[in-house]
Amino acid sequence: MTEAEGPLAASTLSSETAIASGTAQAPAPDAGRRGSGRRWLIIGGIALVFVVIIGYVLGGAAAAGGPVARADSALHTAVSHNNDMVDSFSNDPFKGIDLTSDNPDIPAAKAAVATDKQKVVKWQAMVSSDRAALQNVRPELKSSVFTLPEQGTLDRHRQRVDAALSALNTAQRGIDLYTKEFAFVDPFLDAMAGFEAIGKAGTANDIAGVKAQLPGTGASMQKAIDLAQPPAVPAELAPALKGIQHVLTDLQSLVTAVEANDAAAAQKAGTALEADAAVLDKYDWTAAETATKALFQPLIDAYNRDMKIAAGN
């Protein structure tokens with residue numbers, strides 16, 4: 001062994017001997033604690049992230065819960081009115097008005113129209129109430145930072161609310177059309193009641209009775225014609241309305257001729273009335289009913305389609 005190798009070899013030997021004999025010192029405990037602390041810090045950080053995420057999700061659900069519940073309530077109410085709405089769409093003010101009959105039941109027709117009017121009043125109240133409730137809740141269904149976890153639920157409810165509002169807008173168009181139809185039907189039936197009275201007076205050869213009915217009947221007929229505006233009142237009715245007005249004009253001519261004892265004028269008026277009757281006999285009174293169905297069927301289809309979405313189907 002050289003002098004340079006001596007101390008190094010002795011030191012190495014001494015260390016090996018210490019290790020072999022178990023007398024060597026252990027590593028400092030601070031290093032282990034630092035490693036363990038870092039692990040717990042990482043675990044704690046991950047746990048905190050999970051807590052924040054869970055809190056965010058739960059907070060988002062809570063934030064969205066109120067609007068969703070209110071939307072569900074408004075939608076349930078609107079959908080529950082569906083049967084009444086569909087029934088109201090089936091109203092037809094012209095149904096049951098058969099003027100081809102020798103004895104049309106005008107009082108029954110008036111009673112039927114009055115019943116339909118009450119249904120439409122109820123219909124309007126439901127549409128207005130449902131629309132207001134849905135319009136109030138719709139702004140609450142918008143997304144925000146807090147409701148992102150529930151965005152899918154909010155989107156679905158907003159789509160359903162939009163569909164319900166679309167259905168109610170369609171229902172409102174139906175109500176507006178019916179309102180215009182009823183405005184026409186009222187004076188029209190009054191005119192028909194006047195014609196019924198004229199017929200009874202004529203059968204009894206009561207010229208004074210016929211004459212007394214003409215002004216009111218004529219006024220009702222003119223009002224009906226003024227209100228017969230398409231599409232609410234089918235354009236198919238126009239020829240019949242003009243034909244009925246011709247009857248009134250020719251009746252007035254007949255009464256005037258009879259009162260003047262003018263046989264020639266009376267004969268002329270009588271011939272004109274026969275021609276009027278022939279024209280009216282050829283008129284297809286079902287044309288108005290068919291036109292009304294064609295007008296409302298697209299509205300019914302659109303309403304049903306939107307309400308199906310509103311119901312979540």
Worksheet entry | Qualifying position, being polar (S, T, N, Q), closer than 30 Å to GLN118 by Cβ and surrounded by fewer than 16 Cβ atoms within 10 Å (Cβ to Cβ), among THR217, THR179, THR203 | THR179
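Do we have ASP84 as part of a helix (DSSP H, G or I), surrounded by 13 or more Cβ atoms within 10 Å (Cβ to Cβ) and at pLDDT 85 or above here?
Considered against the rule, which asks whether it is part of a helix (DSSP H, G or I), surrounded by 13 or more Cβ atoms within 10 Å (Cβ to Cβ) and at pLDDT 85 or above, ASP84 comes out as no.
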Worksheet item: Within segment 159-172, is even one residue hydrophobic (A, V, I, L, M, F, W, C), under 30 Å from ASP226 (Cα atoms) and within 28 Å of the chain's Cα centre (by Cα)?
Response: yes
Practice prompt. Give the residue, chosen from ALA264, ALA302, ALA269, ALA275, that is open to solvent by less than 40 Å² (accessible area, probe 1.4 Å), assigned to a helix (DSSP H, G or I) and more than 30 Å from ALA167 (Cβ to Cβ).
Written response: ALA269
Worksheet entry | Given (1) modelled with pLDDT of 95 or more; (2) over 25 Å from GLY174 (Cα atoms); (3) open to solvent by 20 Å² or more (accessible area, probe 1.4 Å), index of the condition LYS223 fails | (2)
Discussion item. Testing LYS242 on (1) more than 28 Å from the chain's Cα centre (by Cα); (2) crowded, with 16+ Cβ neighbours inside 10 Å; (3) of a type outside the set (Asp, Glu), one condition comes back false. Which one is that?
Written reply: (2)
Item to complete: Name, by its number, the condition in (1) in contact with a Ser or Thr (Cβ under 6 Å, 6 or more places away or on another chain); (2) without any contact (Cβ under 8 Å) to a residue 60 or more places away in the chain that does not hold for ASP306.
Response: (2)
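Conditions tested, residue by residue: (1) modelled with pLDDT of 70 or more; (2) crowded, with 16+ Cβ neighbours inside 10 Å.
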| site | (1), (2) |
| --- | --- |
| ARG70 | yes, yes |
| PHE89 | no, yes |
| ASP92 | no, yes |
| ILE106 | yes, yes |
| ASP116 | yes, yes |
| PRO139 | yes, no |
| THR147 | no, yes |
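The values are calculated or read from the model by the stated rules, or taken from the named source; none is laboratory data. Here the structure is a predicted model, which means the values were calculated and not measured. Cβ sites come from the backbone with ideal geometry, for glycine too, and all protein chains shown count toward neighbours. Only protein heavy atoms, including side chains, enter the accessible area calculation; ligands, DNA and RNA are left aside. Shrake-Rupley method; radii C 1.70, N 1.55, O 1.52, S 1.80 Å.
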